[in-house]
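Engineer: Mind having a look at this structure? Questions to follow.
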Amino acid sequence: METSISRHSVRGSTQWVGILPPLHSSSEDQDDTGLMAMGVERWSKQKKPLRIMRVDMVPIDEVLPHEHIIEEEIESFCASLKRKGVFFRPILLDKKTYVVLDGHHRVEGLRRLGAQSIPAVLIDYANDDEMEVHTWYPIVWEGRDKVASVLEGDVTVEHMGETEALDAVNGGAATFCTLPPRDGDVIVITGVHETLLERLMAAFSVEYCDTTDIADQIGDKGVLLYRRDPTKEEVIRHAREGDLLPPKTTRHYLPYRYQDI
C-alpha cells in the first residue's frame, strides 16, 4: 500500500501533499441507527464512483467562505495535520468566485498554519447540474416540547399537520419544524435562523444528519429540526457579502467522489 509523502513549496510556503491509507469500513463505523457517525455529523452510507478531477493550487487569500466554522473542528484538524505532516484532501471551490463549497475547516486550518495556497478542485457551481446544495438537519436528544420552550421568545411557535408544516418551511414562511410528528402534530418555529441556532447550541448538545429518514428512528427520544435547503444563489451572495451562514447550514452533494492527492 502506498504511503509516500511528498513536499511541495508554493509561493514560499511549504505545502505537504501525500497519500494516506484508505479508511476501512467495519461494524465499528456504524452506530445502532445504521448511519455513519463522526463527531456531530451522521450521514447515510452511499458508494460513489471515483472521478479523477484536476487539482489546482489556489491562493488561500482569494478563497471565500460562506459558512462560519466550528472552533473545535479547526483545533482538531490543525493538531492532526501537525502530527501527520500531510494534507491529502483537496477542497471544492466554485471556479468563478472561489467560494468554498466543501472544506471550510481545511481552509481555515491551513490559513492558521501559514499556508499561502491550498489544493482545490474547481467546478462551475451555477451551471453544473450534478452539484446539488442541501442542508444538515440539527438533532437534539431531548423532548420536542423542551426544545421548543428553549427556542421561544421573539419567535412564533405553532402546531400544524406535517404536510402543512413542511410546506411552510420549504416556502420560507417558517424557519424550522419538528420531526417526527406526534400523533400527526408538528411544532413549527418561525424566527431568525441564526438566533434560533445560537439558543439551541447554548442549551443542548446538537448533532447533524443528512436525511430526514432518521426521524423515524429517533422516536420520542429526541427531535430533528427540519429546515429548507439553501439555494446556490444564496450561497454565493452570503460569501461575497461576508455575511456568513451558521455552521452546517449547507451540505453540497456530488454523485461521485474525487481523488485524494
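Engineer: Could you check, for region 131-139, whether at least one of its residues is part of a loop (DSSP other than H, G, I, E, B) and of a type in the set (Asp, Glu)?
Structural biologist: Taking region 131-139 as the starting set, the residues that turn out to be part of a loop (DSSP other than H, G, I, E, B) are 131, 135-136.
Filter once more, keeping what is of a type in the set (Asp, Glu): none.
Checked against the condition, which is being part of a loop (DSSP other than H, G, I, E, B) and of a type in the set (Asp, Glu), region 131-139 yields no hits at all.
Engineer: Pick out the one residue from 212, 231, 178 that is farther than 30 Å from residue 96 by Cβ, surrounded by fewer than 18 Cβ atoms within 10 Å (Cβ to Cβ), among the polar types (S, T, N, Q) and in contact (Cβ under 8 Å) with a residue 12 or more places away in the chain.
Structural biologist: On the way: 231 fails: farther than 30 Å from residue 96 by Cβ; 178 fails: surrounded by fewer than 18 Cβ atoms within 10 Å (Cβ to Cβ).
Going through 212, 231, 178 in turn, the sole match is 212.
Engineer: Can I ask one more? Which of the residues spanning region 181-209 are of a type in the set (A, V, I, L, M, F, W, C) and in contact (Cβ under 8 Å) with a residue 40 or more places away in the chain? Give the steps one after another, and end with the answer.
Structural biologist: First, the residues of region 181-209 that are of a type in the set (A, V, I, L, M, F, W, C): 186-189, 192, 196-197, 200-204, 206, 209.
Within region 181-209, 187, 189, 196, 197, 200, 203, 204, 206, 209 qualify.
Engineer: Okay, next question. Only residues that are loosely packed, with under 13 Cβ neighbours inside 10 Å and part of a helix (DSSP H, G or I): list them for region 150-173, please.
Structural biologist: The answer is 163, and nothing else.
Engineer: Then there is this: Residue 248 - would you say it is of a type in the set (D, E, K, R), exposed (fewer than 14 other Cβ atoms within 10 Å of the Cβ) and in contact (Cβ under 8 Å) with a residue 60 or more places away in the chain? Break it down into steps so the answer makes sense when it comes.
Structural biologist: Values: of a type in the set (D, E, K, R): yes; exposed (fewer than 14 other Cβ atoms within 10 Å of the Cβ): no; in contact (Cβ under 8 Å) with a residue 60 or more places away in the chain: yes.
For residue 248, the condition - of a type in the set (D, E, K, R), exposed (fewer than 14 other Cβ atoms within 10 Å of the Cβ) and in contact (Cβ under 8 Å) with a residue 60 or more places away in the chain - is not met.
Engineer: Looking only at region 98-114, how many residues end up being within 13 Å of residue 79 (Cα to Cα), aliphatic (A, V, I, L, M) and buried (at least 21 other Cβ atoms within 10 Å of the Cβ)?
Structural biologist: 1
Engineer: Let me ask something else about it. Return a yes/no flag: does region 164-187 have any residue that is modelled with pLDDT of 95 or more and within 29 Å of residue 61 (Cβ to Cβ).
Structural biologist: no
Engineer: Listed residues 45, 82; which is closer than 17 Å to residue 255 by Cα and modelled with pLDDT under 95?
Structural biologist: Numbers: 82 fails: closer than 17 Å to residue 255 by Cα.
Checking each option against the conditions leaves just 45.
Engineer: Identify, please: which residue in region 147-198 is under 22 Å from the mean Cα position of the chain (by Cα) and of a type in the set (D, E, K, R) and is, among those, nearest to residue 222 (Cα to Cα)?
Structural biologist: 198
Engineer: Take the residues in region 215-228 that are out of contact with any helix residue (DSSP H, G or I) (no Cβ under 9 Å at 6 or more places or on another chain) and surrounded by 18 or more Cβ atoms within 10 Å (Cβ to Cβ), then tell me which one is nearest to residue 185 (Cα to Cα).
Structural biologist: First, the residues of region 215-228 that are out of contact with any helix residue (DSSP H, G or I) (no Cβ under 9 Å at 6 or more places or on another chain): 215-219, 221.
Subsequent filtering for residues that are surrounded by 18 or more Cβ atoms within 10 Å (Cβ to Cβ) retains 215, 218.
Values: 215: 14, 218: 16 Å.
Here the residue is 215.
The values are calculated or read from the model by the stated rules, or taken from the named source; none is laboratory data. In this text the structure is predicted, and so the values were computed from the model without any measurement. Backbone-built Cβ (ideal geometry, glycine too); neighbour counts: all protein chains shown.
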